[in-house]
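To start, the structure itself, in structure tokens.
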Amino acid sequence: MNIILAIVIISVALVGGLVVGFILANSRLNKGGVQEKENLIKEAELKNEAIKQEKILQAKEKFHQLKTQHDKQVADKNNEIQKRENGIKQKEVDLIKKGEEAVRKQQEADRAKQEAEKIKAQVTQQLEAISKKQEEVDKAHIKQVQQLETISGLRAAEAKEQLIETIKGEAKTEAMSFVKDIMDEAKINANKEAKKIVIQALQRVGAEHAVENSVTVFHIEGDEMKGRIIGREGRNIRAFEAATGVEVIIDDTPEAIIFSCFDPIRREIARLAMHQLALDGRIHPARIEEVVEKVKKQIEDEIIETGKRTCIDLGIHALHPELLRHVGKMKYRSSYGQNLLQHSREVANLCAVMAAEMGLDPKMAKRAGLLHDIGKVADEELELPHAIYGMKLAEKYKEKPEICNAIGAHHDEIEMTTMLSPIVQICDAISGARPGARREMAEQYMKRLKDLENVALSYPGVEKTYAIQAGRELRVLVTADKVTDQQSEKLAFEISQKIQTEMTYPGQVKVTVIRETRATAYAK
């Protein structure tokens, strides 16, 4: 159709060209002569021929374009048909393969089913044979048990219980030996770096040996001052004791009086007040009350200044003013004779060193170490443990949760949730357990050593016990014919566990069980 349409267009164009040529020729013939008409006719024929050639070329070009497009469409359709035919053939091949595979699987299933039936029949026969043999074995076992009961004079249940007890004892002994091996290996592998860190922390922190008492001695210039301090009928000393809350002891000690009180702050107020009264010379109840009130304000300012200076020395910033006051009050508190502020400063430095060795934040560790015992300087008497009260104080004054947990968990009252908590607990133990840090009454010390020895003596087979190295090691001598080597390991473990659960002590106690056999002969 496209080709026919092109031919029609070309024909119409040719006819139109001829008509135009003749019209032009006629118009010019009418105006000019014959010659001019002929020229015009020739010119029209030439133009008509040119137009004709041009239209023929255009028609040919259009024809080629349409033919090319038609051939391309035919080729595309042929390709699509070929692809579909190939896909159909591939599907036919796949269906044939699947059919063959299904037939093969069905044949295999039939063969497997036949084999399973054969195996089932064989198993049934074997089970019947085993059942018969089991019945025969049971009968023989019952007969043998009856014969053994007759020979041994014991019932089977009693013999079984004896065997279980024997095996249980052997298993327990072997288990204790195995536990000891595991613990030794864990200590060698896990504690190597821990010991290194602790030793480095101790080497880098130098601390004084602080020992305080519950009394303060105040020196005076002469014994005549004692009478002025006592006053007429003792009114001055009664006013002084009422104002300071401190007991004043005046005895035959030359040029000295003693202030006795368990509160170091009150003793310090009494000492400073007495110093000012002795310098001034005016000692009477009104003057005593005035000086004591003045010294109390002076001590309160000094407490705040001590807290600020301590935080500056340790590089701790942005501490709440109330916490600063508690830190300053630590200067006048002691624990087992150890000054609480010095102890807290020492723990803070140890925590910073240990945290730095472990890759943690040393500033936060130092802050937690300084504040871990603020519960001991409470303004009021509470029934809470000092660790819990200190944690509540820290929470009240917006300290971070990691620091609050470290304060509350350093005596295991609450669960530890951060790596900072065990560091504070360890450094607190290191500071309190180092030699000379704390003093202990001789009676309590002797009682603790005696209790250690009695714990070991309560076990059978123990002959003698010796608590040595200030109660840090317990040596237990056992009888060789009553305790074996394996039982000695079990005994050492049990004694250490009992000491850990029943006694309170700083640091750790090493338990050593010694078992030896001696043979003695005399040559005459």
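The values are calculated or read from the model by the stated rules, or taken from the named source; none is laboratory data. Only a predicted model underlies this, so the values are computations on that prediction, with no experimental measurement involved. Note: ideal-geometry Cβ built from the backbone for every residue, glycine included; neighbour counts use all protein chains shown.
Some observations on this one:
- Take the conditions (1) crowded, with 20+ Cβ neighbours inside 10 Å; (2) out of contact with any Lys or Arg (no Cβ under 8 Å at 6 or more places or on another chain); (3) within 24 Å of Tyr332 (Cα to Cα); (4) not charged (D, E, K, R); Cys351 misses just one of them, which is (2).
- Checked against (1) β-branched (Val, Ile, Thr); (2) surrounded by fewer than 19 Cβ atoms within 10 Å (Cβ to Cβ); (3) part of a strand (DSSP E or B), Ile257 passes all but a single condition, namely (2).
- Residue within the stretch 402-416 that is assigned by TED's automatic domain parsing to the domain that holds Ala318, charged (D, E, K, R), at pLDDT 85 or above and touching a Leu at 6+ places or on another chain (Cβ under 9 Å) present: yes
- For the stretch 241-254, the count of residues that are at pLDDT 80 or above, under 30 Å from Ser344 (Cα atoms) and hydrophobic (A, V, I, L, M, F, W, C) is nonzero.
Yes/no matrix, rows are residues, columns are (1) among the aliphatic types (A, V, I, L, M); (2) under 30 Å from Pro401 (Cα atoms):
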| position | (1), (2) |
| --- | --- |
| Asp251 | no, no |
| Ala278 | yes, no |
| Thr310 | no, yes |
| Leu319 | yes, yes |
| Arg345 | no, yes |
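- Screening the candidates Ile237, Ile283 for the property of being in contact with a Lys or Arg (Cβ under 7 Å, 6 or more places away or on another chain) and either among the hydrophobic types (A, V, I, L, M, F, W, C) or not in a helix (DSSP H, G or I) (or both) yields one hit, Ile283.
- Scanning the stretch 393-433 for residues that are on the phi > 0 side of the Ramachandran plot and not basic (Lys, Arg) yields a count of 1.
- Only residues that are among the aliphatic types (A, V, I, L, M) and touching a residue at least 40 places away in the same chain (Cβ under 8 Å) were counted in the stretch 320-354, giving 7.
- Residue tally, condition exposed (fewer than 14 other Cβ atoms within 10 Å of the Cβ) and either among the charged types (D, E, K, R) or under 41 Å from the mean Cα position of the chain (by Cα) (or both), over the stretch 456-493: 9
- Among (1) in contact with a helix residue (DSSP H, G or I) (Cβ under 8 Å, 6 or more places away or on another chain); (2) modelled with pLDDT under 60 - the single one Glu36 does not satisfy: (2)
- Which listed residue, of Arg282, Arg267, Arg333, Arg287, is surrounded by 19 or more Cβ atoms within 10 Å (Cβ to Cβ), of a type in the set (D, E, K, R) and more than 26 Å from Asp428 (Cα to Cα): Arg267
- Remark: pairs (first residue in the stretch 31-54, surrounded by 14 or more Cβ atoms within 10 Å (Cβ to Cβ); second residue modelled with pLDDT of 85 or more; Cβ separation under 8 Å; 6+ apart in sequence or on different chains) are absent.
- Residue ID - nearest to Ile430 (Cα to Cα), chosen from residues in the stretch 344-386 that are acidic (Asp, Glu), more than 23 Å from the chain's Cα centre (by Cα) and assigned to a loop (DSSP other than H, G, I, E, B): Asp373
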